[in-house]
Structures are given as C-alpha cells and as structure tokens.
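Engineer: I have a structure here, written as structure tokens, and I will follow up with some questions on it.
The values are calculated or read from the model by the stated rules, or taken from the named source; none is laboratory data. In this text, all values refer to a predicted model and were calculated from it rather than measured experimentally. Every residue, glycine as well, gets a Cβ built from its backbone with ideal geometry; the counts of neighbours run over all protein chains shown.
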Amino acid sequence: MRTQVAIIGAGPSGLLLGALLHKAGIDAVILEAKTPDYVLGRIRAGVLEQVCVDLLDEVGVGARMHREGLAHGGFDLAFGGQRHRIDMKTLTGGKQVMVYGQTEVTRDLMDDRAAKGLPTIYEAASVSLHDFDGAKPRVRWQKDGATHELECDFIAGCDGFHGVSRASVPESAIRHYERVYPFGWLGLLSDTPPVSHELIYTRHERGFALCSMRSMTRSRHYVQCSLDDKVENWSDERFWTELRRRLDPEAAERLVTGPSIEKSIAPLRSFVAEPMRFGRLFLAGDAAHIVPPTGAKGLNLAATDVGYLGRAIAEHYNEKSDAGIDSYSERCLRRIWRAERFSWWFTSLMHKFPETGEFGEKMQLAELDYLVNSVAASTAMAENYVGLPL
Ligand code: APR
Ligand code: PHB
C-alpha cells in the first residue's frame, strides 16, 4: 500500500490535516488505534479562536459550527465574591471566540471524511514508524490478525501525548520541557442551562471553578481537585455543592443542577517537545505539546500546527518548494511557547497552590485587582484569550 502522507491519529489534528491535504489534492491515509466511538467519547474544551474557525471553514466543515456554536465577546473573572467582565471584543477591536465543543469539531471532520470516502483505518494495533530519516518512510500496523505496511513520502504524528510518533524519535534528537501541576480538574457535563451567557472563571480559597457550556441547554462545569482524587468519590450532589460554594453569590443563586452525563478528572500539565520535525516525520498537536486547560488553547494550537503543516506539504508537491517544511518547527514553536506562557500564567493566577501559602494568595489577589482595573492589563489578557496573530 502506498500514499503520499501517512497520518497517525484520528483526533482533531489528524482529521483536520487530512481535510487540508485532500483540499490541496494530496493523498493521505489515517491510522487510528481506537474505534470512532471511543474517539468521540472524549470530552474536552470548547473555545475556538478565529484562526481555528477559519481553518474549519477553509475545509468546508464549518456549517454546523456556525449554526450551533455560540460567539462570545467576553468572559467573567470572579474573585472575592465578585465578578468582573473582560470585554474581549472591545479590548481587541472586535475579536471574539466561538464556543463549540471539541467533540463536535471531531464529529464534523469525521463525517466529512467518511462522506468523501477518504481512507481512515480504525483499530490499527501496534503502529510502528520506520525510516523517516531517509527518503522512503514506512508505517506498519496489525489488524485482523495480519501485519500491514504503508509506504509514504511523509509521516504526520498526530497521535496525542501518549502516541507512538514522539516515542519513535531517538532520545538524543529531542528535548522535552515539562511542568506538572499539583492538582487536577474534575469536570461534569449536564443538560442544564448555563449560569450565565458567558464563561465564568472563579478563583476561590477552596480552589478554582469554571462555569462553561456547550449550548444554552448543556453546561460544562469544573472544580479544581486533588491529584489523587477519584471520580467515584464525587457523587453529582457533592460536585454541585462544592461548585456552589466556590461561586460568587449571584452565580451560586442562578446555578441549575441536574444529573451528570459525563464526569472525569484530568491532570494539568505544561509540556513542549523540541523540535517538531525529524527528517520526514512531523509532530503536530498534543503529540508535541500540552497546555493546562485554563484558557482552552489545546485545540487551537493543534489547529494552527496542522494549518502550517498542510500548507508546507502542499507547497512541497504543488510548488516544488520545501521552505514551509524547513520552517515548520520554528514557526509552530514560536506560537506554542506564547500559548504555553498564557496558559501557565492563567493557571497560576486562578488556582489554589498548596506550596505558595498566604503570600501567594495575596499576590494572586493583587494581580487580579490590577488585571480588572487596568485597561493595559485587561487588553493583554483579552489579546491572548482570543488568540495571538499567526
Ligand atoms: N497509533 C494510532 N493512533 C494513536 C496511537 C497509536 N499508537 N496513539 C494514540 N493514537 C490516537 C488516539 O487514540 C487519538 O484518537 O491519536 C489520537 C490523538 O488525538 P488527541 O489526543 O485528541 O490529540 P490531537 O488530535 O493532537 O488533539 C489535540 O486534544 O487534548 C486535546 O487539548 C487538546 O484540544 C487539543 C486536542
Ligand atoms: C470547556 O468548556 O470545557 C472549557 C472552556 C474554557 C476553558 C477550559 C474548558 O478554559
């Protein structure tokens, strides 16, 4: 079997890259370890920057997002029992974000790929990458009791943080930067109306809380929890009680509770692997970097990586230029480090850090006070939240 680009992983990165390559007339095969239902069962953040919206429009899968997604021009920061609105739209000269779940983005891309009859091999076991340092890379996998092999020109490692692509690079060729935070987020999805029409990020002595949404009838809420906590320890009732205690009085009053549809704990991590290109292997999305979810940059970074990669590969075939391929890693990493900085800063500002003590708490409150009362500081935050220019 032969293709031009072998894509490892059918998450949002792999699927969007597949769509971009198809649009440029380039063949690709996607290999995915899990089933489509498993991929669609993962609940993740849902705030899209304009660059991400534009890429989905570019490949023609934006219709449902524009119909069902919610354009947000601001969000609230809550602390000391009070809420303060960050008016992103005014502060950035008209920019907004789109609230639309990552699961829905994945579903739209998956349906489009299936409708076009483009090849995706699900339940591909023991995927292995070969010879990407030479001119003829190959990918092997097991399925239905047989070993299969795909010859290609390029391999795109879109297989997430735990994937095989990054792990296939010799240790001496790659450098990792990492920060693991001493807490997690417990998330609950429910068919209840959101507390407010915009997101509320709350800093509280008991820990961070976030009121988010998927639609005006479906809410997504989070509370900071300890790393060794288990979902089984959190009945829905315990979750709602804890969330209500952390919210400002008005939000607590408006909170509508109901049975959970999904509940899960995610650890928080900042991680970057450098570089992102190794001969004919490219890493993209979570395979190369992780941000803590505060500010919802994960999917947006994944989308811009594959935006750059799709264009670079198209230039290689259609314009016989490798300029985009040669600058891929550097271009991505510049954007990634700026989003890493914002996500780390926003996380540090809003969470309870056991080790920083009362002095740390006073620093957070002083910074929040400055942030909501200074146009310069609010503008810096708004610019990062809507997404820095490419
Ligand atoms: N072989 C084939 N597929 C694999 C392998 C493997 N060895 N390992 C992992 N995969 C698949 C996973 O099953 C998953 O479907 O790769 C896919 C990677 O998808 P994601 O983890 O969603 O990563 P990515 O597409 O880069 O999306 C980034 O996800 O975590 C969020 O915040 C992040 O929103 C961002 C987005
Ligand atoms: C979400 O809706 O899941 C969400 C929104 C904003 C974030 C993180 C998660 O910063």
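Yes or no, residue by residue, for (1) in a strand (DSSP E or B); (2) within 15 Å of ligand 1 (Cβ to nearest atom):
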residue	(1), (2)
Ser13	no, yes
Gly25	no, no
Lys34	no, yes
Val53	no, yes
Asp57	no, no
Arg64	no, no
Arg67	no, no
Leu77	yes, no
His84	yes, no
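Engineer: Of the residues Arg214, Arg203, which is under 22 Å from Leu77 (Cβ atoms), under 19 Å from the mean Cα position of the chain (by Cα) and surrounded by 14 or more Cβ atoms within 10 Å (Cβ to Cβ)?
Structural biologist: Numbers: Arg203 fails: under 19 Å from the mean Cα position of the chain (by Cα).
After ruling out the rest, the residue left standing is Arg214.
Engineer: State whether the residues of region 61-80 include one that is within 16 Å of ligand 2 (Cβ to nearest atom) and among the β-branched types (Val, Ile, Thr).
Structural biologist: For region 61-80, residues within 16 Å of ligand 2 (Cβ to nearest atom) and among the β-branched types (Val, Ile, Thr): absent.
Engineer: Which residue pairs have Cβ atoms closer than 9 Å, lie 6 or more positions apart in sequence or on different chains, and pair a first residue in region 96-124 that is farther than 27 Å from Arg214 by Cα with a second residue that is among the hydrophobic types (A, V, I, L, M, F, W, C) and assigned to a helix (DSSP H, G or I)?
Structural biologist: So the pair list comes out as Lys116/Ala19; Leu118/Ala19; Thr120/Leu15; Thr120/Met110; Thr120/Ala114; Tyr122/Val39.
Engineer: Right, another one. Please specify each residue of region 292-333 satisfying the condition of being more than 27 Å from Leu186 (Cβ to Cβ) and among the charged types (D, E, K, R). Steps first, answer last, please.
Structural biologist: Filtering region 292-333 for residues more than 27 Å from Leu186 (Cβ to Cβ) gives 304-333.
Selection gives Asp305, Arg311, Glu315, Glu319, Lys320, Asp322, Asp326, Glu330, Arg331.
Engineer: When you scan region 36-51, how many residues do you find that are in a loop (DSSP other than H, G, I, E, B) and either of a type in the set (Asp, Glu) or at pLDDT 95 or above (or both)? Before you say what the answer is, go through the steps one by one.
Structural biologist: Here is the first cut: in region 36-51, the ones in a loop (DSSP other than H, G, I, E, B) are 41-46, 49.
Next, from what is left, pick out any that are either of a type in the set (Asp, Glu) or at pLDDT 95 or above (or both): 49.
Qualifying residue count, region 36-51: 1.
Engineer: Sticking with this one: Checking Pro293 against (1) crowded, with 17+ Cβ neighbours inside 10 Å; (2) outside any loop (DSSP other than H, G, I, E, B); (3) not hydrophobic (A, V, I, L, M, F, W, C): exactly one of these is not met. Which one?
Structural biologist: Here Pro293 meets the rest and fails (2).
Engineer: Could you tell me which of the residues Ser235, Ser196 is loosely packed, with under 13 Cβ neighbours inside 10 Å and over 19 Å from the mean Cα position of the chain (by Cα)? I'd like the intermediate steps shown before the answer.
Structural biologist: Numbers: Ser196 fails: loosely packed, with under 13 Cβ neighbours inside 10 Å.
Matching residue, one of Ser235, Ser196: Ser235.
Engineer: So Ser128 fits all but one of (1) assigned to a loop (DSSP other than H, G, I, E, B); (2) touching a residue at least 12 places away in the same chain (Cβ under 8 Å); what number is the exception?
Structural biologist: All conditions pass for Ser128, except number (1).
Engineer: Can you tell me which of Lys143, Lys136, Lys95 is more than 14 Å from ligand 1 (Cβ to nearest atom), farther than 30 Å from Val372 by Cβ and not hydrophobic (A, V, I, L, M, F, W, C)?
Structural biologist: On the way: Lys143 fails: more than 14 Å from ligand 1 (Cβ to nearest atom); Lys95 fails: farther than 30 Å from Val372 by Cβ.
Lys136 is the lone residue from the list that is more than 14 Å from ligand 1 (Cβ to nearest atom), farther than 30 Å from Val372 by Cβ and not hydrophobic (A, V, I, L, M, F, W, C).
Engineer: Just checking, how many residues over region 296-314 are part of a helix (DSSP H, G or I), within 16 Å of ligand 2 (Cβ to nearest atom) and buried (at least 24 other Cβ atoms within 10 Å of the Cβ)?
Structural biologist: Step one: list which residues in region 296-314 are part of a helix (DSSP H, G or I), which gives 298-314.
When the remaining residues are screened for being within 16 Å of ligand 2 (Cβ to nearest atom), the result is 298-303.
Those left that are additionally buried (at least 24 other Cβ atoms within 10 Å of the Cβ): 299-303.
Of the residues in that region, 5 qualify.
Engineer: For region 1-11: of the residues being at pLDDT 95 or above and assigned to a loop (DSSP other than H, G, I, E, B), which is surrounded by the fewest Cβ atoms within 10 Å (Cβ to Cβ)? Give the derivation first.
Structural biologist: First, the residues of region 1-11 that are at pLDDT 95 or above: 2-11.
Next, only the ones that are assigned to a loop (DSSP other than H, G, I, E, B) stay: 3-4, 9-11.
On the way: Thr3: 19, Gln4: 16, Gly9: 28, Ala10: 26, Gly11: 25.
That would be Gln4.
Engineer: Hey, among Leu56, Leu77, which residue is buried (at least 19 other Cβ atoms within 10 Å of the Cβ) and out of contact with any strand residue (DSSP E or B) (no Cβ under 6 Å at 6 or more places or on another chain)? Give the steps one after another, and end with the answer.
Structural biologist: On the way: Leu77 fails: out of contact with any strand residue (DSSP E or B) (no Cβ under 6 Å at 6 or more places or on another chain).
Only one candidate qualifies: Leu56.
Engineer: Looking only at region 141-153, filter to residues that are farther than 15 Å from Glu32 by Cβ and surrounded by 13 or more Cβ atoms within 10 Å (Cβ to Cβ); which one of those is nearest to ligand 2 (Cβ to nearest atom)?
Structural biologist: Step by step, filter region 141-153, then rank; the result is Cys152.
Engineer: Given the conditions (1) over 26 Å from the mean Cα position of the chain (by Cα); (2) acidic (Asp, Glu); (3) within 30 Å of Leu388 (Cβ to Cβ), and given that Glu151 satisfies all but one, which numbered condition is not satisfied?
Structural biologist: Of the numbered conditions (1) over 26 Å from the mean Cα position of the chain (by Cα); (2) acidic (Asp, Glu); (3) within 30 Å of Leu388 (Cβ to Cβ), the odd one out for Glu151 is (3).
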